[in-house]
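Below is one structure, written out as structure tokens, with a few remarks after it.
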Amino acid sequence: CRQNLTAANITGFSNLPENIKDFLFYRHCRHFPMLLDLPDKCGGAEKSGDVFLLLVIKSSPANYERREVLRKTWGKERSYNGMPIRRIFISGVSGDSYEKERLNNLLKLEQEEHRDILQWDFSDTFYNLTLKQILFLEWMERNCPNARFLLNGDDDVFAHTNNMVVYLQSLKENKGSKHLFTGHLIQNVGPIRATGSKYFVPVQVQESNSYPPYCGGGGFLLSGYTAMLIYRMSKSIPILPIDDVYMGMCLAKAGLGPSSHMGVKTAGLHIPSNKIDKFSPCFYKDVLLVHRFLPAQMYLMWHSTQNPKLKCDDEHYQLQTKKTMTSAFC
Ligand SMILES: *[C@@H]1O[C@H](CO)[C@@H](O)[C@H](O)[C@H]1NC(C)=O
Ligand SMILES: *[C@@H]1O[C@H](CO)[C@@H](O)[C@H](O)[C@H]1NC(C)=O
Ligand SMILES: *[C@@H]1O[C@H](CO)[C@@H](O)[C@H](O)[C@H]1NC(C)=O
């Protein structure tokens, strides 16, 4: 895909940070060759309706430890309550020359063992996350269009995938072919215009001062129906470098919106007292998703929350969990 040199003619271009300039030069590029593919992940397009929950995890090549721990904890491919769960990491390329080659070899090796990586030949940077999402949706339309539900999120969240299955099964009138998009709802915000911010979006990228409602990109749940709808909408919406906001834009264009789920805590948990261990599994056994965990914490927490002997009778825990329970299961 060729650089769009005309972008340099935009007013104020020369004063923009390098990564934004780069974004503007390549904003129109949406097709990149695949380096690692998994055409049979869902048993082929026809059979893909058998996949109940597809875990789609954004992971940069260097995040080996995060992928490893997810493979043996909440991201394990299995059936829960009779519902098949499948896992995919989505990745670009990173590093220069030798480092890039080494990381590509690492992913290749992981792929041989686990068969769970989609990789495209584009640079895996923060401002390219929207591109990553679009490329995934394009892949999904081809290879897994009927997956019932998806969890889309980061590789450093604690996702209670068993609870997610229970929640999704409780949606009696939606088996994946109706609209669902839920998570940590963010509304009434707009682009951050401060140059130093990770989320900086100048007027040259988006003129409007407001964003549509969206769900925090750490992790959200959606139906296969909504995923495919987002993909169709994306074709006529210029890429915005903030991927979770972009999802909200696609929903808005379809006349739909995201909803809030109290069990999704992408901003972390509020622990009422410092006298209690904030990593007590009692706080986590009823949530859907919490940001963010280191690999060792993840491994321990997943096992602790699965322990059938886990006892949580402290009133503090109950206060916290009741709030999440009621919204998670009603
Ligand atoms: C940029 O603008 C100048 C002046 O209007 C024009 O001559 C030039 O062709 C433009 N460059 C590109 C790459 O469009
Ligand atoms: C290139 O950038 C200019 C200025 O932003 C824009 O008007 C034009 O549509 C872009 N071209 C392509 C092919 O995206
Ligand atoms: C996105 O990826 C393309 C292809 O590798 C690259 O040319 C571009 O610089 C990247 N954009 C950003 C903002 O990192």
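Out of the stretch 5-27, which residues are within 11 Å of ligand 3 (Cβ to nearest atom) and free of Cβ contacts under 8 Å to residues at least 60 places away in the same chain?
Filtering the stretch 5-27 down to residues within 11 Å of ligand 3 (Cβ to nearest atom) leaves 17-27.
Within the stretch 5-27, Glu18, Lys21, Phe25, Tyr26 meet the criteria.
I need a count of the residues in the stretch 13-24 that are within 16 Å of ligand 2 (Cβ to nearest atom) and open to solvent by 30 Å² or more (accessible area, probe 1.4 Å). Reasoning before the result, please.
Going residue by residue through the stretch 13-24, those that are within 16 Å of ligand 2 (Cβ to nearest atom) are 13-16, 20-24.
Keeping just the survivors that are open to solvent by 30 Å² or more (accessible area, probe 1.4 Å) gives 14-15, 21-22.
The number of residues fulfilling the criteria is 4.
State all residues of the stretch 87-99 that are among the β-branched types (Val, Ile, Thr) and either farther than 15 Å from Gly43 by Cα or open to solvent by 60 Å² or more (accessible area, probe 1.4 Å) (or both); if no residue qualifies, say none. Please lay out each step first, then the result.
Residues of the stretch 87-99 that are among the β-branched types (Val, Ile, Thr), as a first pass: 88, 90, 93.
Listed by number, the residues that qualify are Ile90, Val93.
Hey, among the residues in the stretch 1-12 that are under 18 Å from Phe122 (Cβ atoms) and open to solvent by less than 90 Å² (accessible area, probe 1.4 Å), which one's farthest from ligand 1 (Cβ to nearest atom)?
Top of the filtered list is Gln3.
Conditions tested, residue by residue: (1) of a type in the set (Asp, Glu); (2) farther than 30 Å from Leu131 by Cα; (3) modelled with pLDDT of 85 or more.
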position: Pro241; (1), (2), (3): no, no, yes
position: Gly248; (1), (2), (3): no, no, yes
position: Leu251; (1), (2), (3): no, no, yes
position: Ile271; (1), (2), (3): no, yes, no
position: Cys282; (1), (2), (3): no, yes, yes
position: Trp302; (1), (2), (3): no, yes, yes
position: His316; (1), (2), (3): no, yes, no
position: Leu319; (1), (2), (3): no, yes, no
position: Cys330; (1), (2), (3): no, yes, no
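Would you check which residues across the stretch 19-42 are over 22 Å from the mean Cα position of the chain (by Cα) and within 16 Å of ligand 1 (Cβ to nearest atom) and list them?
If the condition is that a residue be over 22 Å from the mean Cα position of the chain (by Cα) and within 16 Å of ligand 1 (Cβ to nearest atom), then Lys21, Leu24, Phe25, Tyr26, His28 are the ones that fit.
Name the pairs: first residue in the stretch 183-201 and at negative phi, second residue part of a loop (DSSP other than H, G, I, E, B) and open to solvent by 40 Å² or more (accessible area, probe 1.4 Å), Cβ to Cβ under 6 Å, at least 6 apart or on different chains?
Sorted first by the residue in the stretch 183-201, then by its partner, the pairs are Gln187/Pro213; Gly190/Asn209; Gly190/Ser210; Ile192/Tyr199.
Do the conditions hold for Arg102, that is, is it open to solvent by less than 60 Å² (accessible area, probe 1.4 Å) and not in a strand (DSSP E or B)?
Judged against the criteria, Arg102 is not a match.
Are there strands (runs of 3 or more DSSP E) fully within the stretch 1-95 with at least 1 residues that are of a type in the set (D, E, K, R)? List them. Break it down stepwise before answering.
Working: elements: 34-36, 53-58, 78-80, 83-93.
In the stretch 1-95, the matching strands (runs of 3 or more DSSP E) lie at 53-58, 78-80, 83-93.
Give me the residue from the stretch 29-86 that is touching a residue at least 40 places away in the same chain (Cβ under 8 Å) and hydroxyl-bearing (Ser, Thr, Tyr) and, out of that set, most open to solvent (accessible area, probe 1.4 Å).
Tyr64
The values are calculated or read from the model by the stated rules, or taken from the named source; none is laboratory data. The structure displayed is predicted, hence computed values, not measured ones. Please note: Cβ atoms are built from the backbone with ideal geometry, for glycine as well, and neighbour counts cover all protein chains shown. Protein only, heavy atoms only, side chains kept; ligands, DNA and RNA dropped before computing areas. Shrake-Rupley method; radii C 1.70, N 1.55, O 1.52, S 1.80 Å.
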